[in-house]
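Below is one structure; the comments refer to it alone.
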Amino acid sequence: MPAPRPSVPNWQDGFLALLPEIERQLDARLRSIPRAQRDDARQTILASAAVGYAQLAAQGRAALAFPTPLVRFGLQQFRAGRLVAGRTSSLDVGSTRWRRTTARRVESLADWQDTLVAADQRRATPAEIAALRIDFTAWLQTLSERDRQITCTLARGEETRAVARTFQISAGRVSQLRRELHDSWQRFCGEPALAGA
């Protein structure tokens, strides 16, 4: 008769007890990650935290596991491009590792759909569309994070009142920002802003 196998500690129960606090902290940390990457980041961080907890449990040190270090560890793994199942290729343009090593970023085509439709309606050439995308992206980088978000929200055609509610400012301030953003774009393009327009 074979010898009985030693019982494996059930680390999953311990991890599940920490999971609500891990997810709460993770939600706060994900705000600093671009929206397009948040789903991948969430899954990578949770998987890394689970593996980290399992390793501690296997060493008999599960009592030393706390949500904050587990989330921090998972976030470091995500930012370094390390996945639980292995590394991603530094040549994969969709990977965090590629963005980190090349200092480039990938933009969703959906983000530019309105721009492309507007350009197509006036029969812009591909070169004009490409120039617009490059210039618009460069101009957005000159704005603060909040102004960038407001600009993108306005560009989607949201009403002034909806933008005011979203960003907790007055509708009058949204109108002022719309004018300031327009003037900023004009200056960026080297066009004189029209006085009183």
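What follows draws every value from the coordinates through simple rules; no lab data is involved. Quick caveat: nothing in here was measured; it's all calculated off a predicted structure. Note: ideal-geometry Cβ built from the backbone for every residue, glycine included; neighbour counts use all protein chains shown.
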Query raised in the report: Exposure proxy check: 13, 135, 147 ranked by fewest other beta carbons within 10 Å?
Result: 13, 135, 147
Report summary line: Footprinting proxy, 169, 22: sorted fewest to most Cβ within 10 Å, the residues are 169, 22
Report task. Please report 143, 75 as a ranked list, fewest other C-beta atoms within 10 angstrom at the top and most at the bottom. Result -> 143, 75
